[in-house]
Amino acid sequence: MKDHFEEKSKTWDKGDVQVNGAKKIANAIRENINLTTEMDILDFGVGTGLLGFEIAKSVKKVYGVDMSLSMLKKLEEKNTPELSIEAVCQDIVKEPLDQTFHGIVSSMTLHHVENLEGFFKSIYNNIEENGFIAIADLEKEDGTFHSDNTGVFHFGFHEKELCQAVETAGFKNIAFKNINTINKPHRDFGVFLITAQK
């Protein structure tokens with residue numbers, strides 16, 4: 001399996017868009033979800049852990065799943081005895097995890113997931129009763145957010161269509177809101193947070 005992030009992983013944590021974006025997403029999750037120190041959380045598409053380490057400060061444990069070994073290697077270099085993420089390299093749509101979590105968070109990964117229906121059905125089974133999802137990604141865009149669209153399956157998302165996919169998988173109490181705007185020279189891109197409960 002090709003690692004599309006092998007080169008990007010080397011400088012990922014130096015990018016303002018990534019670092020500041022992850023902090024804004026973490027703050028939005030904290031504002032909308034009551035995180036507690038009893039919770040085990042899965043960060044889907046954890047990358048180098050920019051979101052996961054922020055969330056880890058508020059919960060019992062964060063597990064981070066990603067398909068990029070190079071990104072996970074960077075993450076593991078940042079682990080300390082005080083703050084760490086357990087890394088898992090796996091395609092959880094094709095090979096679902098057999099573990100359950102109190103919640104699943106994700107930052108800017110959903111547009112890399114080809115089969116949305118399969119993804120939401122898969123993670124539904126990984127969430128404990130009354131557990132949550134809190135997923136941030138791009139609002140619908142014209143395909144110009146990335147300079148290279150390799151591995152990108154969705155140019156952002158329409159609220160109605162995404163909420164429908166989440167509801168079809170069995171989730172309830174679905175909420176969708178804009179939480180950030182990424183300013184690029186040619187245009188601005190909206191970032192949303194979708195939350196729902198099992």
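The values are calculated or read from the model by the stated rules, or taken from the named source; none is laboratory data. Keep in mind that what you see is a predicted model, and the values were worked out from it rather than measured. Here the Cβ is made from the backbone with ideal geometry for all residues, glycine too, and neighbour counts use every protein chain on show.
Observations on the structure shown:
- Restricting region 62-90 to residues that are closer than 21 Å to residue 134 by Cβ and surrounded by fewer than 15 Cβ atoms within 10 Å (Cβ to Cβ) leaves a set whose member that is modelled with the lowest pLDDT is 90.
Okay, residues lined up against (1) among the aliphatic types (A, V, I, L, M); (2) in a helix (DSSP H, G or I):
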site	(1), (2)
71	yes, yes
76	no, yes
93	yes, no
96	no, no
104	yes, no
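- Filtered residues of region 168-188 (kept if under 12 Å from residue 136 (Cβ atoms) and either over 15 Å from the mean Cα position of the chain (by Cα) or not β-branched (Val, Ile, Thr) (or both)): 176, 177, 178, 180, 182
- A single member of 166, 113 is at pLDDT below 95, more than 19 Å from residue 62 (Cβ to Cβ) and of a type in the set (A, V, I, L, M), and it is 113.
- Filtering region 132-153 to residues that are in a loop (DSSP other than H, G, I, E, B), under 23 Å from residue 122 (Cβ atoms) and either at pLDDT 95 or above or of a type in the set (Phe, Trp, Tyr) (or both) leaves only 153.
- Residue among 129, 82 that alone is of a type in the set (D, E, K, R) and closer than 23 Å to residue 176 by Cα: 129
- Within region 32-55, the only residue that satisfies the criterion of being surrounded by fewer than 21 Cβ atoms within 10 Å (Cβ to Cβ) and in contact with a Leu (Cβ under 9 Å, 6 or more places away or on another chain) is 32.
- Pairs, first of a type in the set (A, V, I, L, M) in region 136-156, second in a loop (DSSP other than H, G, I, E, B), C-beta under 7 Å, six or more apart: 136/108; 138/145; 138/156; 152/146
- Scanning region 106-131 for residues that are surrounded by fewer than 16 Cβ atoms within 10 Å (Cβ to Cβ) and assigned to a loop (DSSP other than H, G, I, E, B) yields a count of 3.
- Test: residue in region 155-163 that is in a strand (DSSP E or B), small (Gly, Ala, Ser) and in contact with a strand residue (DSSP E or B) (Cβ under 9 Å, 6 or more places away or on another chain): no
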